[in-house]
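Have a look at the structure below before the remarks.
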Amino acid sequence: MKMSSLESVKGSATIKSKLRPFLNLLKILAFGLLVVAFARPQDTLKEEKITTEGIDIVLATDISGSMLARDFKPDRLEASKNTGIEFIEARPNDRIGLVVFAGESFTQCPLTTDHNVLKKLLSEVKSGLIEDGTAIGMGLATAVNRLKDNESKSKIIILLTDGVSNKGFIDELTAAETAKEFDIKVYTIGVGSKGMAPFPAKDIFGRTVLQNVKVDLDEQVLKDIAKNTGGKYFRATDNNSLKNIYAEIDKLEKTEVEVTSIKRFKELFHPFALIASLLLIFDVLLRQTFFRGIV
């Protein structure tokens, strides 16, 4: 009797057909990864107390015409601005403001922790913004007004000038007494080389020329302001000495404050979604190429 047999198809299974079931594993694995991704895994929120340093500081800067003298590079005003910006960058935890004065004074920037804005405003300061002259008392009084109502434990003013008061209706020592009443310490910086300094001037042809002019700086008033408020007087005669003065003030004025540091959630689903997408793409490519035609 003739009987049916499977001899003719025995051993006909290929590698492709044997590997075909693994395609389903790719889909299952991709689906599992997508489930994890949609669950949006995150690391935990962390809150910690950090002790750092920070105080309230107002920079009171002279922008009168005499600040254009070239005994500093490129001149007194630009050197003061550049050094002030470096000082701001070195104190990221402080609230710092900016007051400018010449024949009168005004607040260029109130106290802020947004130091990028502060540095931009300081860089834009130039001589001629206000009436020329030197009103040290007015500049100091405006700076005191920015600090007097603050509850900060440490409040300081860095007063920088290169001249003698000849404008304003507020006496320098009166302004210093007001600062003392509000527990505000004033560091004073006298800017300018000793003796003569080159000042820009126009000749008869309208060209800019340098003329040596005697330096006129009221150091005694600046010393009295610093002494009455518990601060210190400095004399800057060139760019390096000015940088050293700001560095010394930076070291002198340090207070500790407690800051709460919060670490936000960080999303972790991205790698799971990416791997799942790659697996699905790999599955489609295999079905359309290597396993094409297999049932």
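Here is a list of conditions, (1) closer than 28 Å to SER154 by Cβ; (2) out of contact with any Phe, Trp or Tyr (no Cβ under 7 Å at 6 or more places or on another chain), and LYS223 meets all of them except one; can you say which number that is? In the conditions (1) closer than 28 Å to SER154 by Cβ; (2) out of contact with any Phe, Trp or Tyr (no Cβ under 7 Å at 6 or more places or on another chain), LYS223 misses (2) alone. Across region 140-150, the qualifying residues are those that are free of Cβ contacts under 8 Å to residues at least 60 places away in the same chain and not β-branched (Val, Ile, Thr), and the one among them that is farthest from ILE85 (Cα to Cα) is ASP149. Are any of the residues in region 73-82 free of Cβ contacts under 8 Å to residues at least 60 places away in the same chain, surrounded by 22 or more Cβ atoms within 10 Å (Cβ to Cβ) and among the hydrophobic types (A, V, I, L, M, F, W, C)? Yes, there is a match, as at least one residue in region 73-82 is free of Cβ contacts under 8 Å to residues at least 60 places away in the same chain, surrounded by 22 or more Cβ atoms within 10 Å (Cβ to Cβ) and among the hydrophobic types (A, V, I, L, M, F, W, C).
Looking at region 175-258, the strands (runs of 3 or more DSSP E) lying wholly inside it that each contain 2 or more residues that are within 17 Å of PHE72 (Cβ to Cβ) and of a type outside the set (Val, Ile, Thr) sit at 196-202, 208-214, 233-236.
Table: residues versus (1) touching a Leu at 6+ places or on another chain (Cβ under 8 Å); (2) crowded, with 22+ Cβ neighbours inside 10 Å; (3) within 20 Å of ASN82 (Cβ to Cβ); (4) modelled with pLDDT under 95.
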residue	(1), (2), (3), (4)
GLU131	no, no, no, yes
MET138	no, yes, no, no
SER152	no, no, no, yes
GLY168	no, yes, no, yes
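Among the residues of region 126-141, the ones that are in a loop (DSSP other than H, G, I, E, B) and in contact with a strand residue (DSSP E or B) (Cβ under 6 Å, 6 or more places away or on another chain) come to 1 in all.
Within region 147-174, being outside any loop (DSSP other than H, G, I, E, B) and touching a Gly at 6+ places or on another chain (Cβ under 9 Å) holds for LEU147, ILE156, ILE157, ILE158, LEU159, LEU160, THR161, GLU172, LEU173, THR174. Just name the residue that is nearest to LEU147 (Cα to Cα) out of those in region 42-56 that are at pLDDT 65 or above and exposed (fewer than 13 other Cβ atoms within 10 Å of the Cβ). For region 42-56, the residue satisfying everything is ASP43.
Are any of the residues in region 188-209 surrounded by 18 or more Cβ atoms within 10 Å (Cβ to Cβ), at pLDDT 95 or above, over 19 Å from THR142 (Cα atoms) and under 26 Å from the mean Cα position of the chain (by Cα)? Scanning region 188-209 turns up at least one residue that is surrounded by 18 or more Cβ atoms within 10 Å (Cβ to Cβ), at pLDDT 95 or above, over 19 Å from THR142 (Cα atoms) and under 26 Å from the mean Cα position of the chain (by Cα).
Pairs are defined by a Cβ separation below 8 Å, a sequence spacing of at least 6 or placement on different chains, a first member in region 267-292 that is closer than 14 Å to GLY32 by Cβ and among the polar types (S, T, N, Q), and a second member that is modelled with pLDDT under 75 and not in a loop (DSSP other than H, G, I, E, B); no pair meets this definition. Out of VAL117, VAL144, one residue alone is surrounded by fewer than 17 Cβ atoms within 10 Å (Cβ to Cβ), assigned to a helix (DSSP H, G or I) and among the aliphatic types (A, V, I, L, M). It is VAL117.
Sub-6 Å Cβ pairs linking a first residue in region 112-126 that is closer than 19 Å to ASN93 by Cα and touching a residue at least 24 places away in the same chain (Cβ under 8 Å) to a second residue that is surrounded by 12 or more Cβ atoms within 10 Å (Cβ to Cβ) and of a type in the set (S, T, N, Q), at least 6 apart or interchain, are LEU118/THR112, ordered by first then second residue. You will find that of LYS10, LYS27, the residue that is at pLDDT below 95, of a type in the set (D, E, K, R) and in contact with a helix residue (DSSP H, G or I) (Cβ under 7 Å, 6 or more places away or on another chain) is LYS27 and no other.
The values are calculated or read from the model by the stated rules, or taken from the named source; none is laboratory data. What you see is a predicted model, and the numbers here were worked out from it, not measured in a lab. With ideal geometry, Cβ positions are generated from the backbone for all residues, glycine too; neighbour counts draw on all protein chains shown.
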